[in-house]
Amino acid sequence: MAQLIVSGGRPLEGEVAISGAKNAALPILAAALLAEQPVTIDNLPDLKDITTSIELLDALGCRCQRLDSHSWRIDAGSAERVVAPYELVVKMRASILVLGPLLARHGRAEVSFPGGCAIGSRPVDLHLRGLEMMGAVIEIDGGYIKAQVPAGRLRGSHILMDVVSVGATENLMMAAVLAQGQTVIENAAREPEIVDLAHCLNAWGARVSGAGSNRLVIDGVAALSGGRYTVMPDRIETGTFLAAALATRGRVRTTHTDPTTLEAVLLKMQEAGAEVSCGSDWIELDSRGCAIRAVDFRTAPYPAFPTDMQSQLMAVNATAEGSAMIHETIFENRLMQAQELNRMGAKITVEGHTALVKGVAQLRGAPVRASDLRASAGLVIAALAASGETIIDRVYHIDRGYERIEEKLQGLGATIVRRDSPETEAS
Ligand code: UD1
C-alpha cells in the first residue's frame, strides 16, 4: 500500500497546470452510453476513478479506445448490456450515473445499489424517485436496483427535487435527453460540472437549457449523434493547490483553470489575508509575508463554499492566526480529518457538523491516515506546512481525485515522495 512522505515547512512557489475535472468527467463518460455514434472525450484526468469508469463502460459492452493519456474514444453503438456489477459500483459510487443513460437508451438497467461511504450514508432516493416520475418501474432485489420502462421509452416529467443533489440532477438530466417530450427539473444543482455535462450533451445533439440555474429544461430527442468534447478544468484541484500555497505562505499560479468556478473559495482565501489575482485561465495566490487569519465558513451547494474544499481550508485555518468555525452542511461525517490534524498539533474540536479550529503557530509532522479523498488533500496541505516529516497512509484515496499529486507538488518545490509499504495496522 502506498504512502506519501512529506518533509514540510517550506513555502510552495511556482506554476502548476490543472487537470480536467474528475467530477465533470465521470458523468460525461456515463453520457457516452446515450450516443449511437462514437464520442471522443479530451482533457480527462489520468485517475483511478476514470479507469474504473472505463472498466464499467467496457462491462456494458462499449468499445473504449485510449487515444492518449487524457483522451478516450467510446463507441456505445452496439453496447447491449445493462448490468453495472457490484465489483465496479463498490469501487466508485459515481457508477450510479449509468442508471439514467441505460434506462433512456435501453429501457432497462440493473445497477448494484451503492452502499454508504466514509463521508456519510449518501442515499440515492432522489435518483430513483425522478426516474419513477419519468415512467420507470424500480425494485431493489439482491442488492441491485432493477429498473425497467414498461412503455419502452421514458416520458418527460416535471420533477421537483427536495434536496439539491449533483448526482441526481446529472442522472435525471441524462435520462431526460432521450425521453419523450419535455422534462423540467426544479431545484436542480447549479455546479459548474452540471453546466459542463449540459454543454457536452448539447454538443452531441441534446436539447438542454437552463444549466447553471436551479431550473433545467430538457426537450427529449430521438437519438444523440456523438462528437467530441473537452472536459472543464478541475476547480477542486485548483483550490487544493491554492490552499497549499496559503498554508505554506507561498506563491502559486494555477494555469489551465477557470477562475469563474471558484469564487466562494477565492473570497475566503482573500478574507484570510492572501493576495489573489486572476486571468482568463489562471489564478495566482501570493501569501508570502502575509499574516494569515483563520476564517469562518459554511459548506453549501454551488455557488456557495464547496464541501470538497472543506478539509483543505480546515488545514489552512489550523495554521492561521485566531480561531474559526466550520459548518459542514452537505455530508454528515466529513470532518474526520480533524482528529488526524490534531495528531500533527492542530487544535480542532468537532461537535456534530461543526468544527472549531484554533490556529497554532506551527504544525508538526506525524504519521497520519487518509480516510477519504478530500480529507487526504487536507492532510497533504497540513504536512506541507508542518515542520519535520509526515507519513500519510492510505494514499489510494488521494489517487482517486488528484493526478500525479506528488509530481505536481515537487514542481512547486515540495519535498514529497511516494513509497510502497505494508499496511501497519488493520482497519
Ligand atoms: C457530488 C460530488 C462530490 C461532492 C458532492 C457535493 C461527484 C462524482 N461527486 O457527489 O465530490 O462532494 O457532489 O457537492 O460529482 N442526497 C440525498 N438523496 C439522493 C442524493 C443525495 O439525500 O438521492 C443528499 C446526500 O446525502 C447529500 C446531499 O444530498 O447530503 C448532496 O449530495 P449529492 O450532491 O448528491 O452528492 P454526489 O452527487 O454524490
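The values are calculated or read from the model by the stated rules, or taken from the named source; none is laboratory data. No experiment lies behind these values; they were computed from the predicted model shown. With ideal geometry, Cβ positions are generated from the backbone for all residues, glycine too; neighbour counts draw on all protein chains shown. Only protein heavy atoms, including side chains, enter the accessible area calculation; ligands, DNA and RNA are left aside. Shrake-Rupley method; radii C 1.70, N 1.55, O 1.52, S 1.80 Å.
The table below lists the values:
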quantity	calculated
The chain: angle of helix 263-272 to the longest principal axis, Cα-based, in degrees nearest 10	10
Candidate lysines - alpha carbon under 21 Å from Lys91, same-chain residues fewer than 8 apart omitted	Lys22, Lys48, Lys146
Formal net charge of residues neighbouring Met309 (Cβ-Cβ distance under 13 Å; K, R +1; D, E -1)	-1
Cβ-based net charge around Glu403, under 12 Å, with every Lys or Arg adding one and every Asp or Glu removing one	-2
Accessible heavy-atom area order of Glu351, Glu110, highest first, probe of 1.4 Å	Glu351, Glu110
Mean Cβ neighbour count within 10 Å, used as a protection proxy, ranking 326-337, 170-181 highest first	170-181, 326-337
Prolate/oblate/rounded call for the chain, Cα gyration tensor, a/c under 1.5 rounded	prolate
Global geometry of the range 10-154, whether rounded, prolate or oblate, following the gyration tensor of its Cα atoms and the 1.5 cut on a/c	oblate
Neighbour net charge for Cys290 - beta-carbon separation under 9 angstrom, K R +1, D E -1	0
Rounded tilt (10° steps) of 235-247 against the dominant C-alpha axis of the chain	10
Accessible solvent surface per residue of the chain, calculated while the other protein chains remain in place, 1.4 angstrom probe, Å²	38
Whole-Å distance, taken between Cα centres, linking the range 28-44 and the range 189-265	16
Under Karplus coefficients 6.51, -1.76 and 1.60, residue-wise ³J(HN,Hα) of the range 10-18 in Hz, glycine/proline x	10, x, 7, 8, x, 10, 9, 8, 8
Of all DSSP beta bridges in the chain, antiparallel share, percent nearest 5	70
Mean Cα-pair separation over length for the chain, i.e. relative contact order, pairs under 8 Å, 6 or more apart, %	21
Span from the the range 99-174 Cα centroid across to the the range 348-382 one, whole angstrom	35
Phi to ³J(HN,Hα) by Karplus 6.51 cos²θ - 1.76 cosθ + 1.60 over the range 138-146, Hz, x for Gly, Pro	10, 9, 9, 8, x, x, 10, 7, 10
Expected 222 nm ellipticity per residue - DSSP helices of 4 or more, -39500 (n - 2.57), all of the chain, to 500	-8500 deg cm²/dmol
Protein accessible area in the chain, 1.4 Å probe - carbon and sulfur %	49
Folded to 0 to 90 degrees: helix 22-31 orientation relative to the chain principal axis, Cα	10
Peptides ranked, highest mean first, by Cβ atoms within 10 Å: ranges 241-253, 53-65	241-253, 53-65
